[in-house]
1. D4: of a type outside the set (A, V, I, L, M) and out of contact with any Gly (no Cβ under 7 Å at 6 or more places or on another chain), yes or no?
2. Consider only pairs whose beta carbons are under 6 Å apart and that are at least six residues apart or on different chains; among these, list those whose first residue lies in the range 18-37 and is without any contact (Cβ under 8 Å) to a residue 12 or more places away in the chain and surrounded by 12 or more Cβ atoms within 10 Å (Cβ to Cβ) and whose second residue is outside any loop (DSSP other than H, G, I, E, B) and aliphatic (A, V, I, L, M).
3. Which residues, counting only those in the range 95-108, are within 20 Å of the chain's Cα centre (by Cα) and either touching a residue at least 40 places away in the same chain (Cβ under 8 Å) or part of a loop (DSSP other than H, G, I, E, B) (or both)?
4. Kindly check whether there is at least one residue in the range 1-23 that is more than 18 Å from H200 (Cβ to Cβ), touching a Cys at 6+ places or on another chain (Cβ under 6 Å) and not aromatic (F, W, Y).
5. For the range 95-137, enumerate the residues that are in contact with a helix residue (DSSP H, G or I) (Cβ under 6 Å, 6 or more places away or on another chain), of a type outside the set (D, E, K, R) and at pLDDT below 90.
6. Here are the criteria: (1) surrounded by 11 or more Cβ atoms within 10 Å (Cβ to Cβ); (2) closer than 30 Å to A31 by Cα. Tell me which single one N138 does not satisfy.
7. Which numbered condition in (1) in a helix (DSSP H, G or I); (2) closer than 24 Å to H21 by Cα is the only one that R203 fails?
Amino acid sequence: MVTDLKLKYFPDRDPDSFEFHTTDIISHRGAFKSLSIDIRLNIIEDLMTVIAQMDCHISSVLIRKDKVKNQTLDIGMFGMKLLFDRLCHLHNQINAGKLREEEEYGLLLIDSVDPKYDNKLRIKIRELCKKGSGCTENRYLIEDPIFVDSKYRHMSQLVDCAAYCIRKKHNDKMTNPKDKETFERFYKIIEERMFVHNGHDIRIFP
């Protein structure tokens, strides 16, 4: 489906030669430099629609960096711990009551940053896999995380788009009414994919 979208907007380009990176789409960079704002927003809306049509669930963590008082906190690692907790909780819910059925397990595919950071994160995640998050025991997330290049992973590009729009929707510093309406609309498209029985599967800190 993502390849189809690439061909829709760039019929003369190899769809593997670029990625749908939402910051580039919004910022008018790279492959999207010559496109109008209306077309670029249409691309994002199409990507969100693809997500809405998939059999998937969105768990998310939003950290308001400007409100974090602990200046020594490693935001990236702390955010991963919170997200790991959400994923453990989700898998516990999925497998609840499946005593007579095959349980479902999960693998973590993570967008690679660089070898040094990836290895640091791998060590942290292996620790979380063994010991849990401190709030939730891990039973279903298995093996090492797999670090991937988002350029070659359409799922990573969809995740990037969802994360960008979720962050914008919850940005209380956004003052432009048109921008607020736009990202509220994008958020609504995927809202059902975030819903669990007790509300939206999003953790906002602090």
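1. Yes; evaluated as a whole, the condition is true for this residue.
2. As it stands, the answer is F32/I25, since those pairs meet every condition given.
3. So in the range 95-108, the residues within 20 Å of the chain's Cα centre (by Cα) come out as 105-108.
Of everything in the range 95-108, those that are within 20 Å of the chain's Cα centre (by Cα) and either touching a residue at least 40 places away in the same chain (Cβ under 8 Å) or part of a loop (DSSP other than H, G, I, E, B) (or both) turn out to be Y105, L107, L108.
4. yes
5. S133, C135, T136
6. All conditions are met except number (2).
7. Evaluating R203 over (1) in a helix (DSSP H, G or I); (2) closer than 24 Å to H21 by Cα leaves (1) as the failure.
Residue-wise test of (1) touching a Pro at 6+ places or on another chain (Cβ under 6 Å); (2) assigned to a helix (DSSP H, G or I).
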position: I110; (1), (2): yes, no
position: N119; (1), (2): no, yes
position: K124; (1), (2): no, yes
position: C129; (1), (2): no, yes
position: T136; (1), (2): no, no
position: E143; (1), (2): no, no
position: K151; (1), (2): no, yes
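The values are calculated or read from the model by the stated rules, or taken from the named source; none is laboratory data. This one's a predicted model, so the numbers in the text were calculated from it and none came from an experiment. With ideal geometry, Cβ positions are generated from the backbone for all residues, glycine too; neighbour counts draw on all protein chains shown.
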